[in-house]
Structures are given as structure tokens and as C-alpha cells.
Amino acid sequence: MWSSNHDKGELPMRIFACLIIAVLCAMAGPVSADQFVDGKKALICATVEAINCDRGERCEKGLAEEMGAPQFMRIDFGKKEVVGPKRTTPIRLTEMDDAQITLQGFESGMGWTIAIVRSSGNISVTLAGVDRAIVLFGSCTPYPLGE
């Protein structure tokens with residue numbers, strides 16, 4: 001069962017060492033990742049997928065710009081606003097916990113919610129009106145870049 005080139009205790013020790021390293025990496029990851037989105041520094045966000053649903057119709061998947069939603073947006077926590085290519089809208093509510101930041105507002109007859117995962121910067125955005133809903137998925141990074 002054991003090759004003649006290896007000591008019988010060497011393989012279990014290697015496995016044990018790998019397990020210890022994996023546990024330490026898993027413990028260290030969230031500590032540094034929690035600070036990726038701190039709720040203070042502005043973010044630049046890109047949407048990568050969109051779903052558009054109109055009342056009584058089948059939902060459609062596509063790109064944000066095809067649905068009339070912004071492909072890029074900047075979230076400015078200090079000014080409490082979301083800035084898109086066509087307009088700026090105020091953030092009316094901000095809620096934060098260790099895992100996520102939730103923002104809410106209202107624009108062009110639709111209420112919106114942005115949920116940001118603090119450890120990764122991934123976002124889910126919902127826009128809801130009387131007869132239409134749009135869901136966007138994307139990712140954010142601190143802005144300006146490199147800070």
C-alpha cells in the first residue's frame with residue numbers, strides 16, 4: 001500500500017498540513033474581504049445580466065442597456081446618490097450589516113433596491129413599477145480605482 005520511497009507517516013502529515021493551511025486561509029479570507037466594500041468609499045458598478053418582466057408577458061433575459069437600465073453606475077455613499085449615464089438619483093434609505101449593504105430609492109415611477117455583498121462587491125438590483133420589474137446582476141469595485 002505504501003511505496004517504498006515514502007515513510008508511512010509522511011502522507012498523513014502532508015494531509016494534516018494541507019488541512020491546517022486551508023483552515024487558516026478560510027479564516028483569513030473574510031477578515032480582509034469584509035473591507036472590500038466599506039459603505040464609505042464610492043463604488044463603480046457594472047451590470048452583466050438583466051431580466052425584464054412586463055405584466056402578463058414572459059420575462060426576457062439580456063443586457064442592461066437593452067432593457068433601458070444603466071450598464072454602469074457610480075454609488076456615492078458620501079453624497080447619498082446613484083449616478084448613471086443619464087441621471088442621478090438620491091439614495092433614500094441605507095441599511096448595512098456585516099454581510100451586505102442595501103440601498104433604496106425611487107426614480108421615473110419605479111422603486112429600486114440595490115443589494116451589495118460587502119465581501120465581493122457583487123450586486124443585485126431590482127426596479128419595480130406598476131406593470132414592470134427589472135432585475136440586474138453585476139459587480140462593483142471602489143472608485144476611483146486603486147484607492
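Here, each number is a calculation from the coordinates, and none is a lab measurement. Everything quoted here is computed from the prediction, not taken from an experiment. Note that each Cβ is placed from the backbone with ideal geometry, even for glycine, and that neighbours are counted across all protein chains shown.
Below, the figures for the structure above:
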quantity	calculated
Residue in the stretch 67-80 that is surrounded by 12 or more Cβ atoms within 10 Å (Cβ to Cβ), within 18 Å of Thr141 (Cα to Cα) and more than 17 Å from the chain's Cα centre (by Cα) present	yes
All positions within the stretch 84-93 that are surrounded by fewer than 17 Cβ atoms within 10 Å (Cβ to Cβ) and under 14 Å from Val125 (Cα atoms)	Gly84
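Condition check ((1) touching a residue at least 24 places away in the same chain (Cβ under 8 Å); (2) not in a loop (DSSP other than H, G, I, E, B)) across all residues:
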| residue | (1), (2) |
| --- | --- |
| Cys45 | yes, yes |
| Cys53 | yes, yes |
| Arg58 | no, no |
| Arg74 | yes, yes |
| Val82 | yes, yes |
| Glu95 | no, yes |
| Asp98 | yes, no |
| Gln104 | no, yes |
